[in-house]
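Encoded as structure tokens, the structure appears first; notes follow it.
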Amino acid sequence: MQGYGVGKLQRYFWPKTALLFCPDGDAIDAAFGFVEKEDVDIVERRTIDRGDKTSLAEWYREIVRTYPKTYAAAMLDTINQGALPGCGKSVFAAFGVEAALVQSLCVDDTWEVYASLVEMKWFEQKFREIELDLVYSPFVLLYSHSQPFLEENPGLFLLHQEGVAYMMVLSKEKMWYAQTLIVSKEPEEAEETLSEAEMEEEEIEGLAFDLEEISADTEVEPISDVDVLTDFKEEIGKKETGPVSETALELLEYNLDLFENLKEAVSRFYHDDRYPHEFIEKVTIFDTASLEEDLVRYIEDELFMEASLHRLDPIDAAAKLVAREIGS
């Protein structure tokens with residue numbers, strides 16, 4: 001296979017290689033590289049249309065023909081997944097999650113990450129032409145990437161992709177809270193899940209939990225009654241010399257939707273007695289898409305929290321997780 005140069009002699013002797021891919025919005029970010037001790041040395045990257053899984057499968061087969069010891073790793077992008085403080089069946093019971101119907105992993109002996117077995121099946125079905133060795137949770141990626149930012153007091157950390165954001169409240173000692181925020185209200189185009197007929201054939205009766213039930217067991221009071229939509233429009237008006245464009249309005253609505261979701265999630269953390277409570281002073285956002293700094297300013301102005309926005313390459317972040325899991 002041409003184009004995959006070997007920088008070290010040892011790579012000629014059945015090296016460990018990896019194909020990483022992360023579904024993100026309408027695209028799939030994918031990369032191939034050599035597994036090192038603490039990272040994956042990426043040598044080629046591709047952006048593939050989300051509906052074109054054939055190209056991804058063909059690339060995978062091409063790689064395996066040349067490098068049989070290739071690991072395939074993907075980030076799970078299904079909605080019905082989450083994380084809970086603590087580990088064990090009692091934790092699942094407390095938060096209304098049926099432990100028998102989820103796949104879970106206890107992380108650092110302090111918190112549990114989980115995903116519905118039904119949606120795991122959907123995900124594997126979508127990429128059935130690729131032999132997946134590792135499927136990792138965005139919550140694990142967020143947790144790992146947040147480590148250098150952790151302090152004694154809890155902070156809010158957000159991993160944003162187009163249409164979805166994964167939120168965690170973390171401190172050096174523990175994971176306090178987690179929630180999946182659905183930002184985009186657009187219906188999925190020709191969703192690549194199991195068909196209804198296939199679902200019936202597999203006798204799938206439903207998911208192991210309901211996101212609304214998990215996050216909304218207690219009544220939540222709003223943090224702020226400020227009309228931020230008006231403020232957003234006024235701010236766009238200052239930047240635009242003419243009429244506000246449709247693109248600008250769409251971006252406005254998207255940022256507002258994310259802001260409102262974040263505000264509601266913070267309220268749930270403060271008011272839900274199942275979680276330990278402590279005031280959050282900092283918000284750190286890792287963005288894989290195109291959020292604007294205006295969102296940071298609104299978090300600071302409306303939620304009275306220090307906020308920062310960091311661009312995140314999910315492939316680079318995932319490469320470290322994969323290298324750690326596979327080893328050298």
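Values quoted throughout were computed directly from the atomic coordinates according to the rules given, and no laboratory measurement underlies them. Since we're looking at a predicted model, the values are computed, not measured. Note: ideal-geometry Cβ built from the backbone for every residue, glycine included; neighbour counts use all protein chains shown.
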Using mean Cβ contacts within 10 Å as the protection proxy, how do 97-104, 125-132 order, highest first? 97-104, 125-132
Nitroxide proxy distance, nm - points 7 Å out along Cα→Cβ at Lys174 and Glu253: 4.1
Links exceeding 22 Å between C-alpha atoms in this model, out of Lys121/Lys263; Lys126/Lys320; Lys16/Lys37, come to Lys121/Lys263; Lys126/Lys320
Once phi for every residue in region 31-38 is put through the Karplus expression 6.51 cos²θ - 1.76 cosθ + 1.60 (θ = phi - 60°), the whole-Hz ³J(HN,Hα) values, with Gly and Pro written as x, are 8, 10, x, 9, 6, 9, 5, 10
For Tyr177, enumerate residues with amide H under 5 Å from its amide H, sequence gap 5+ or separate chain, H modeled in the peptide plane. Val169
Okay, which of region 86-114 sit inside 17 Å, backbone N to the point 7 Å along the Cα-Cβ direction of Asp273? 94-96
Amide H of Trp111 versus every other amide H placed in the peptide plane: which residues, excluding those fewer than 5 positions away on the same chain, fall under 5 Å? Gly86
